[in-house]
Amino acid sequence: MATTERQKGFTLWFTGLPCSGKSTLAGMVAGELKRRGRAVEILDGDEVRKHLTKGLGFSREDRDENIRRIGYVCRLLSRNGAVAIAAAISPYRGVRDEVRAGHEAGSFIEVFVNAPLEVCMQRDVKGMYKKALAGEIKQFTGVDDPYEPPLAPELAIETSAETALESASRIVARLEQLGLVEPAHEPAYTPEEAEKIRERLTRLGYIEQ
């Protein structure tokens, strides 16, 4: 089927502090878009560093290069009709804006996954914040390296104020509003489906809460 204006590819870019809920939401939104017949690829920050950007460190220069590479893959996917979903901390505003500028107008959708630092620390099942505070991990975003929030994201999600299902539904609704996704004729998820998705994401290690 030919790519129509409504079915054109786009990049959905989740940014936020570690353990803010990016991967959880990326997985839930991806599942719903696939259910609607869209071709979707998730580029998760942790997975990307194991493969695409293996060897890069955590200096500002290496972090920027990491995001540029993710952005490049997202641009290739989106311009060929796929939905590219990036779930990466991407702490620096400048390189995020650079990635946006490399996309066609209207095809880069930035979602600020906002959660207070103390909430992120509570969700941290891997103990990364604890190690960073103890000095065992250096240049950790939110502890000894800054996070620069978006100034004008297409959507800001307060993950400490609503459930993951509510957040995912709002994101899909925003994509519908922007004309990037056709409206569904039935609810996105039943509570049972949402719980199954959450369990699967937990098993895969993506869950952040």
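Could you please let me know if residue 83 is buried (at least 16 other Cβ atoms within 10 Å of the Cβ) and touching a Lys or Arg at 6+ places or on another chain (Cβ under 8 Å)? Write out each step before concluding.
Details: buried (at least 16 other Cβ atoms within 10 Å of the Cβ): yes; touching a Lys or Arg at 6+ places or on another chain (Cβ under 8 Å): yes.
Answer is yes for this residue.
Every condition in (1) free of Cβ contacts under 8 Å to residues at least 60 places away in the same chain; (2) out of contact with any Pro (no Cβ under 8 Å at 6 or more places or on another chain) is met by residue 109 except one, and the failing one is (1). What about residue 176, is it surrounded by fewer than 17 Cβ atoms within 10 Å (Cβ to Cβ), closer than 18 Å to residue 40 by Cβ, of a type outside the set (A, V, I, L, M) and at pLDDT 90 or above? So residue 176 fits the description; yes. Being at pLDDT 95 or above and on the phi > 0 side of the Ramachandran plot is a condition met by no residue of segment 64-77. Total residues in segment 86-107 satisfying the condition of being crowded, with 16+ Cβ neighbours inside 10 Å and out of contact with any strand residue (DSSP E or B) (no Cβ under 8 Å at 6 or more places or on another chain): the figure is 2. Taking the criterion of being touching a helix residue (DSSP H, G or I) at 6+ places or on another chain (Cβ under 6 Å), in a loop (DSSP other than H, G, I, E, B) and farther than 23 Å from residue 181 by Cα, would at least one residue in segment 129-138 satisfy it? Yes, there is a match, as at least one residue in segment 129-138 is touching a helix residue (DSSP H, G or I) at 6+ places or on another chain (Cβ under 6 Å), in a loop (DSSP other than H, G, I, E, B) and farther than 23 Å from residue 181 by Cα. Scanning segment 14-68 for residues that are within 24 Å of residue 137 (Cα to Cα) and basic (Lys, Arg) turns up 22, 49, 50, 54, 60, 63, 68. Considered as a group, the residues in segment 122-155 that are over 24 Å from residue 59 (Cβ atoms) and surrounded by 15 or more Cβ atoms within 10 Å (Cβ to Cβ) include one that is farthest from the chain's Cα centre (by Cα), and that residue is 123.
Checking segment 25-46 against the condition returns no match, with no residue being surrounded by fewer than 17 Cβ atoms within 10 Å (Cβ to Cβ), closer than 19 Å to residue 96 by Cβ, at pLDDT below 95 and touching an Asp or Glu at 6+ places or on another chain (Cβ under 8 Å).
The values are calculated or read from the model by the stated rules, or taken from the named source; none is laboratory data. Since we're looking at a predicted model, the values are computed, not measured. Reconstructed Cβ throughout: ideal geometry from the backbone, glycine too, with neighbour counts over all protein chains shown.
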